[in-house]
Amino acid sequence: MSSYETTSTTGTHGELVVHRWTPPADHPYGIVLLAHGYGEHAGRYRHVAANLNAAGYSVIAPDHAGHGLSAGERALIVDLETLVDDFAAVGRAARAEHPAVPLVILGHSLGGVIATRTVQRGLVPADALILSGPIVGGNPDILALLDLDPIPEVPIDPAVLSRDPEVGKAYTDDPLVYHGPFRRETLQALATIVPVIAAADPIGDLPTLYLHGEEDALAPHAVTKPVVEGLGITSLEQRVYDGARHEILNETVRTEVLADIGTFLFRALPA
């Protein structure tokens, strides 16, 4: 039976809590380093971890600073690169603990930005990359809030996350999810890093799976797709799910999405 624990380390903003889901085998087949999205926490990915555990992967996922169980003012991000640094430190520790197995980086939404920058900066030796609805191109409507003073108190509508109403209810009822408005500093941090991502050196021959919901309103596919295709990835696979919204790992098609991830990992990683 898989095991679950949380550990803590010191991050750039204080205590950083790390979630670990470990398969029953003494030696995992591989490690998946998971970066959650804005305003949420890694605990929302327990079902993803269970699926990966069943395939022999250990899943390690920090709560970013200001998120979940980690220290920091809620959902306040002044510099996204500090979250990248925290995430990479957890990844290097995981790599040192299991140096002989493949390491996969998986990032959703803002976590996709963190995952992308981790790879672009060469901070963690990775064997594959999975991007789920990554907001690497920003969102013009959300970033336009920077032109307003004050920024309207418009939190994320749970209905844009998934067609599954139970997902929206769980999100609304979760005390570890941030339900407040966007902070100006956080929006500015995203606006700052988007051109940095676009201008970075090509990623090259890293097996990469890009997953996106057709009806994603938070990281619009029309904005995100050209940015992902411009990352200079020579081994890029893409999957777009009809009618799916932002959180494809929590969508009504999540079984299909998880199966696609499993198929990708089987092909991409050494036997």
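The values are calculated or read from the model by the stated rules, or taken from the named source; none is laboratory data. A quick note: this is a predicted structure, and the numbers were derived from the prediction, not measured. With ideal geometry, Cβ positions are generated from the backbone for all residues, glycine too; neighbour counts draw on all protein chains shown.
Overview of values
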quantity	calculated
First in the stretch 3-22 and over 13 Å from residue 93 (Cα atoms) and in contact (Cβ under 8 Å) with a residue 60 or more places away in the chain, second anywhere and in a strand (DSSP E or B) and of a type in the set (Gly, Ala, Ser), Cβ under 7 Å, 6 or more apart	16/8
Yes/no for residue 172 being within 27 Å of residue 79 (Cβ to Cβ), hydroxyl-bearing (Ser, Thr, Tyr), assigned to a helix (DSSP H, G or I) and modelled with pLDDT of 95 or more	no
Only one of 172, 192 that is of a type in the set (S, T, N, Q) and farther than 20 Å from residue 107 by Cα	172
Odd one out for residue 138, checked against (1) out of contact with any strand residue (DSSP E or B) (no Cβ under 9 Å at 6 or more places or on another chain); (2) in contact (Cβ under 8 Å) with a residue 60 or more places away in the chain; (3) in a helix (DSSP H, G or I)	(3)
Selected residue (only one of 197, 261, 203 is in contact (Cβ under 8 Å) with a residue 60 or more places away in the chain, within 12 Å of residue 130 (Cβ to Cβ) and of a type in the set (A, V, I, L, M))	261
Every residue from the stretch 202-219 that is surrounded by fewer than 20 Cβ atoms within 10 Å (Cβ to Cβ) and out of contact with any strand residue (DSSP E or B) (no Cβ under 6 Å at 6 or more places or on another chain)	202, 204, 205, 215, 217
Among residues of the stretch 221-235, those that are assigned to a loop (DSSP other than H, G, I, E, B) and either surrounded by fewer than 20 Cβ atoms within 10 Å (Cβ to Cβ) or free of Cβ contacts under 8 Å to residues at least 24 places away in the same chain (or both), counted	4
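Rundown of residues vs (1) of a type in the set (Asp, Glu); (2) in contact with a strand residue (DSSP E or B) (Cβ under 9 Å, 6 or more places away or on another chain); (3) closer than 20 Å to residue 250 by Cα, yes/no style:
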| site | (1), (2), (3) |
| --- | --- |
| 26 | yes, no, no |
| 31 | no, yes, no |
| 34 | no, yes, yes |
| 40 | yes, yes, yes |
| 47 | no, no, yes |
| 60 | no, yes, yes |
| 66 | no, no, no |
| 69 | no, yes, no |
| 72 | no, yes, no |
